[in-house]
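The values are calculated or read from the model by the stated rules, or taken from the named source; none is laboratory data. Nothing here was measured: the structure is a model prediction, and the numbers come from that model. All Cβ positions, glycine included, derive from the backbone under ideal geometry; neighbour counts span all protein chains shown. Note: areas computed on protein heavy atoms with side chains; ligands, DNA, RNA excluded. Shrake-Rupley method; radii C 1.70, N 1.55, O 1.52, S 1.80 Å.
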Amino acid sequence: MSQVQADDFKDFLERYKTQLASGENKLEVDYTELESWNPQIAQGILDDPDIYLVEFKKCTLNFAHDQIDILIKNIPDSRNVPLSHLGSEWLGKMIRINGIICRVIPTRPMIETAAYLCRRCGGIIQLPQDEPFLRRPDKCTAKGCKGRQFRLLEDPTETKYFDVQELSIQEKPEDLKAGQAPQLVPIEITRKSLINGARAGDIVDMVGILRTKPPTALTKERKWGIYIDAIYIEKKNRDPSDIPVTEEEEQEVRWLASDPNIYEKIKTSIAPSIHGCDEIKEAIMYQLFGGREKKFPDKVVRGNIHILWIDDPSKAKSQMLLAVKSLAPRGLY
């Protein structure tokens with residue numbers, strides 16, 4: 001195990017002194033800068049991130065008022081691992097993955113330090129939590145008590161929380177082989193500066209640590225699940241609302257809207273190389289544009305339109321899905 005210490009990073013952080021003193025809650029570090037500064041420490045961050053990043057974060061207290069998130073980007077291509085190849089050889093190591101965010105769970109609080117009330121003496125035990133499931137004290141640490149019954153104090157003035165968010169990422173359609181289903185991998189975000197940094201449909205390049213999680217607290221199974229502990233997230237696609245519309249484009253849209261045959265033109269422009277399927281393409285057109293939300297005294301009818309397409313094999317269902325995915329700004333295959 002490496003003997004790296006927080007002070008080993010002082011020289012490197014000198015170049016970020018002004019930024020750290022400004023009060024920002026994150027520091028983005030380009031891996032190539034780390035490698036040119038100290039190749040040994042840079043390699044250690046890739047192979048033992050749980051050790052090196054903790055010391056790196058401690059060192060920021062020499063320049064900042066509080067600990068901040070260290071975000072590492074641009075790690076080597078040798079660490080770019082396809083989602084379908086994630087295995088035990090990458091556990092606990094820093095890797096890079098890319099794909100499409102397909103599921104986002106709202107932010108939830110997670111216990112960082114649990115406060116337990118001893119039912120025998122009334123003392124409070126602060127117990128740091130660093131495992132997937134809540135850990136309870138074995139016995140009371142008060143002098144002469146040795147009680148073994150406790151109650152968790154949920155009050156945030158006693159128990160300390162931090163925010164976490166869960167995502168799921170899947171392989172991009174162009175990375176899949178014929179007939180292969182996309183691999184789905186869960187992501188856990190514990191760094192405050194990364195929360196709400198990605199939405200469903202975003203194409204992302206992500207740096208993280210591959211970790212394992214047991215299925216239950218009392219599991220006896222040998223096979224565990226995996227997830228990515230996110231360290232850096234970079235969106236590769238632009239949000240449609242952020243793309244400026246020029247005057248010429250606006251005029252073109254208005255001209256198309258005035259065309260009496262626009263309905264038929266839109267329908268036939270969906271996957272034009274796939275002949276036939278007129279009713280399917282018409283349904284897809286409705287789905288792409290959506291409907292209007294209608295509010296009644298006793299209910300609300302959503303404007304979203306959904307399609308269920310059941311057909312025989314070799315009817316171009318997959319090809320049609322891929323074509324629609326390329327049309328929709330946040331389409332998922």
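Points to keep in mind about this one:
- With every protein chain in place, the range 1-130: carbon and sulfur % of accessible area (1.4 Å): 45
- Long-range Cα-Cα pairs in the range 247-305 (distance over 14 Å), rounded percent: 67
- Each Cα pair of the range 156-205 feeds into the Kirkwood radius, which the Stokes-Einstein equation turns, at 10 °C and 1.306 mPa s, into a diffusion coefficient of 119 µm²/s.
- Radius, Kirkwood style, for the range 164-292 when every pair of distinct Cα atoms is counted (Å): 19.2
- Isolated Cys residues of the chain, judged by Cβ distance under 4.7 Å to other cysteines: Cys59, Cys102, Cys277
- Annotation for the range 276-307 versus the range 94-144: alpha-carbon center distance of 45 Å.
- Around the Cα centre of the range 179-333, unit charges on the Cβ atoms of Lys, Arg, Asp and Glu (plus for the first two, minus for the last two) sum to a dipole of about 1040 debye.
- Listed residues Pro156, Ile228, Thr141: farthest to the positive end of the dipole of the range 79-235 (Cβ charges): Thr141
- Considering only the Cα atoms of the range 62-136, their convex hull presents on average a projected area of 9.8 nm².
- Volume per residue of the C-alpha convex hull in the range 89-189, rounded to whole Å³: 149
- Here is the list for the range 144-209: trypsin sites (Lys or Arg not before Pro) lying in DSSP coil, each with at most 14 other C-beta atoms within 10 angstrom of its C-beta, are Lys146, Arg148, Lys177, Arg199.
- Descending Cα extents along the principal axes, the range 1-139, whole Å: 58, 41, 34
- Pairwise Cα distances in the range 181-222 exceed 13 Å for 71 percent of all pairs.
- Positive minus negative residues near Met110 (Lys, Arg vs Asp, Glu; Cβ under 15 Å): -1
- In the chain, the sites counted are GluC sites (Glu not before Pro) in DSSP loop states with at most 12 other Cβ atoms within 10 Å, and the longest stretch holding none of them, exclusive of the sites, is 1-153.
- Comparing Gly303, Gly87, Gly208 in a Gaussian network model of the chain, where Cα atoms under 10 Å apart are tied by springs, the biggest mean-square fluctuation is seen for Gly303.
- Whether the range 38-91 is rounded, prolate or oblate, judged on the alpha carbon gyration tensor where a/c under 1.5 counts as rounded: prolate
- Here's the picture: charge each Lys and Arg Cβ at +1 and each Asp and Glu Cβ at -1 in the range 23-119, and of Pro82, Thr60, Ile72 the one pushed furthest to the positive end of that dipole is Pro82.
- Projected area averaged over orientations for the range 273-324, convex hull of C-alpha atoms, nm²: 4.4
- Over all pairs of different C-alpha atoms, the range 1-54 has a mean inverse distance whose reciprocal, the Kirkwood radius, equals 12.0 Å.
- Interatomic Cα distance distribution for the range 104-253, bins of 10 angstrom, percent: 9, 25, 26, 19, 11, 6, 2, 1, 0
- Entry comment: accessible area of the chain is 64 Å² per residue, from protein heavy atoms only and a probe of 1.4 Å.
- Cα shape, the chain, gyration tensor, a/c 1.5 rule: prolate
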